[in-house]
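Let me begin by presenting the structure, written as structure tokens, before commenting on it.
The values are calculated or read from the model by the stated rules, or taken from the named source; none is laboratory data. A quick note: this is a predicted structure, and the numbers were derived from the prediction, not measured. We place every Cβ from the backbone using ideal geometry, glycine too, and count neighbours over all the protein chains shown.
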């Protein structure tokens, strides 16, 4: 069974303080690894898809990287509007398996 | 990418009643998914809904409790039947292709009293 573990559970940052979120996974035949952002009371918002080890994707202050066993979401110089829960998911066959998420709080 | 509209956005229901959640996609999609997100937890897949066939349920979820319809390639419903307080969750519909990103509705926040 596919498994996804995210760490830390919660992360409190000062504005401008860069950090990284970790997503460790086990899956039989990775078709894709996905990062989502979820704001309170809303559905997950798609951020990135990574398909193979060594791949990197960037969007504004976020950068996602992938190895054979884990993925990192790097937040560079975060702003308060980056506060959200970040979810990682893997797709082995057709369905997504989600981690529990990392809740990021950025203080001004 | 297809846009998903989900309704209702929230509801408060009495125990023992049923609630049907609707999900409308603005283009035709092959597979749709229904998830549950319990308070403070991540998303758990309830079932996969393909047009013209019975939904496929994940372990721990049964058709009698969560009947699903998929009458065409743009619409699906999930019913939460005979509700109890333990069913209080956010329910989300989604669509995805193999190896491509999944897109989610805004979710239905259900509270059972």
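Assorted remarks:
- Test: residue in region B:32-40 that is more than 14 Å from every other protein chain (Cβ to nearest Cβ) and either more than 14 Å from the chain's Cα centre (by Cα) or closer than 24 Å to residue A:36 by Cβ (or both): no
- Pairs, first more than 9 Å from chain A (Cβ to nearest Cβ) and within 12 Å of residue B:93 (Cβ to Cβ) in region B:1-12, second modelled with pLDDT of 95 or more and surrounded by 12 or more Cβ atoms within 10 Å (Cβ to Cβ), C-beta under 6 Å, six or more apart: B:5/B:24; B:7/B:22
- When region A:35-66 is filtered for residues that are facing chain B (nearest Cβ under 8 Å) and on the phi > 0 side of the Ramachandran plot, only A:41 remains.
- Residue tally, condition away from every other protein chain (no Cβ under 14 Å), in contact (Cβ under 8 Å) with a residue 60 or more places away in the chain, assigned to a strand (DSSP E or B) and surrounded by fewer than 20 Cβ atoms within 10 Å (Cβ to Cβ), over region A:67-108: 2
- Those residues of region A:8-34 which are over 18 Å from residue A:62 (Cβ atoms) and modelled with pLDDT under 95, in sequence order: A:26, A:27, A:28, A:29, A:30, A:31
- Residue selected from region A:11-34 under the condition within 11 Å of chain B (Cβ to nearest Cβ) and more than 20 Å from residue B:93 (Cβ to Cβ), by the criterion surrounded by the fewest Cβ atoms within 10 Å (Cβ to Cβ): A:29
- Every test in (1) at pLDDT 95 or above; (2) closer than 21 Å to residue A:99 by Cβ is passed by residue B:41 save one, and that test is (1).
- Residue A:46 passes every criterion in (1) crowded, with 20+ Cβ neighbours inside 10 Å; (2) part of a strand (DSSP E or B) apart from (1).
- Candidate set: region B:56-100, residues that are within 13 Å of chain A (Cβ to nearest Cβ) and touching a residue at least 60 places away in the same chain (Cβ under 8 Å); chosen: the one surrounded by the fewest Cβ atoms within 10 Å (Cβ to Cβ): B:97
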